[in-house]
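The block underneath contains the structure these notes are about, expressed in structure tokens.
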Amino acid sequence: VIIGNMEQASESMKANLSQSLVQCLGYVRNLYKVINPYDIGIIPYDENTGTRTKIALYFAHKLVVIAIKKSVYGFPNLINGENIILIDKLTEMDSVIYSLSKDFILRKKIGENARSTYKSFLTWEKQVPLIDEILENIKQN
């Protein structure tokens, strides 16, 4: 299942997807109805595009995230092969997706570690003290 806007996909990608067992759902209002733990979530951007909320959402639901390194530059607590899979170029993504689709044990490990990362660093309860500290520093200066 592919979720999200496919407008920027190449014509060849669209053609391949229409001939495969893949369902392209487009925008989905309630992701919780279609995602499952250890599913694969991709961040196919080759630049930092504000994906932070997507990573937190994916990690919260134990998804295995594959991202191009540049797209998550500066995002803390990402460890390649432990809680995320980082690649250099989009052209690497198909082989990584294929390998992960065949390795449930690795997907479970990464998904569980992603959830642990979410709980340790990305929840509202963990972020509020950091925001309070920033605001306090602003107020003092």
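Only helical runs count toward this figure. For the chain, summing -39,500 (n - 2.57) over DSSP H runs of n ≥ 4 and dividing by all residues gives -12500 deg cm²/dmol at 222 nm. Across the chain, the longest piece that holds none of the trypsin sites (Lys or Arg not before Pro) lying in DSSP loops with up to 10 other C-beta atoms within 10 Å covers 30-88.
The calculated FRET efficiency for the pair residue 109 and residue 34, based on their C-beta separation and a Förster distance of 22 Å, comes to about 0.45.
Rounded to a whole number of µm²/s, how large is the Stokes-Einstein D of the chain at 37 °C and 0.692 mPa s, given Rh as the Kirkwood radius over C-alpha pairs?
Numbers: Rh = 16.4 Å.
Estimated via Stokes-Einstein, D reaches 200 µm²/s.
The tail of the calculated P(r) for the range 66-141, taken as Cα-Cα distances beyond 21 Å, holds 43 percent of the pairs. Since only 104, 2, 16 are under comparison, the one whose Cα sits farthest along the positive direction of the charge dipole of the chain, derived from C-beta charges on Lys, Arg, Asp and Glu, is 104.
Return the carbon/sulfur percentage of the accessible area of the chain, one whole number, probe 1.4 Å, all protein chains in place. Carbon and sulfur: 54 percent of the exposed surface of the chain.
Distant-in-sequence amide contacts of residue 43, defined by a placed amide H-H separation under 5 Å and a gap of 5 or more residues or a different chain, comprise 66, 67, 68. Here is the list for the range 23-77: chymotrypsin sites (Phe, Trp or Tyr not before Pro) lying in DSSP coil, each with at most 12 other C-beta atoms within 10 angstrom of its C-beta, are 27, 73.
Residue by residue, the range 2-13 carries 3J(HN,Hα) couplings of 10, 10, x, 5, 9, 4, 8, 5, 5, 4, 5, 5 Hz when phi is fed to the Karplus relation 6.51 cos²θ - 1.76 cosθ + 1.60 (θ = phi - 60°); x denotes Gly or Pro.
Converting phi to 3J(HN,Hα) with the Karplus coefficients 6.51, -1.76 and 1.60 and the offset θ = phi - 60°, the range 127-141 yields 7, 4, x, 5, 5, 4, 4, 4, 5, 5, 5, 4, 5, 6, 9 Hz in sequence order, with x at every glycine or proline. In this Cβ point-charge picture (+1 for Lys and Arg, -1 for Asp and Glu), the range 60-131 has a dipole of about 140 debye about its Cα centre.
Using a 1.4 angstrom probe, figure out how much accessible area the chain has per residue, in square angstrom, rounded to the nearest whole.
Accessible surface, normalised per residue, equals 69 Å².
The values are calculated or read from the model by the stated rules, or taken from the named source; none is laboratory data. None of the values given here were measured: they were computed from a predicted structure. Heads up, the Cβs are rebuilt from the backbone with ideal geometry, glycines too, and the neighbour counts pull from every protein chain shown. Ligands, DNA and RNA are excluded from the accessible area calculation, which covers all protein heavy atoms including side chains. Shrake-Rupley method; radii C 1.70, N 1.55, O 1.52, S 1.80 Å.
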